[in-house]
Amino acid sequence: MSGFKAFVLKGNLVDLAVAVIIGTAFGAVVTKFTEWLTGLMPESASDFFSTAPQSFGAFLNASISFLILAAVVYFFVVKPYQAAKDRFFPDAPAEDPADIKLLAEIRDLLASQRR
């Protein structure tokens, strides 16, 4: 069971799933925007006012749906995932790289020689 927990929490499985969900929802927004934009180019002058408002409403609906879906995914998937990841696999405290430590030692030695 611990291997599965490590697979789910350490891997990019959740990140990939969130990307697919958000990408699919955003694709719907782009599709509706394109339909609205092409609806603004009527074949005749009388078609202009009959198609554009309906297409804009569909685009607005897709945009609101995207925002709601993004909020749900963030609060019910991303936040709990980050909390579980931090709980089960805490980040190790960051240490300075070896070259930075060496430079700090050199700085300290030079400072002690000046005194």
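Every read-out reported here was derived from the displayed coordinates using simple, explicitly stated rules and does not represent laboratory data. Values in this document were obtained by computation on a predicted structure and should not be read as measured data. Cβ sites come from the backbone with ideal geometry, for glycine too, and all protein chains shown count toward neighbours.
Miscellaneous remarks
- Base-10 log of normalised Debye intensity for the chain (one unit scatterer per alpha-carbon) at q = 0.12, 0.18 Å⁻¹: -0.69, -0.95
- A Förster radius of 22 Å, combined with the Cβ-Cβ distance separating PHE75 from LYS5, puts the computed FRET efficiency at roughly 0.50.
- Among 94-101, 73-80, sorting by the average number of other beta carbon atoms lying within 10 angstrom of each residue, highest first, gives 73-80, 94-101.
- Magnitude of the charge dipole, the chain, Cβ model with Lys/Arg +1 and Asp/Glu -1, debye to 20: 520
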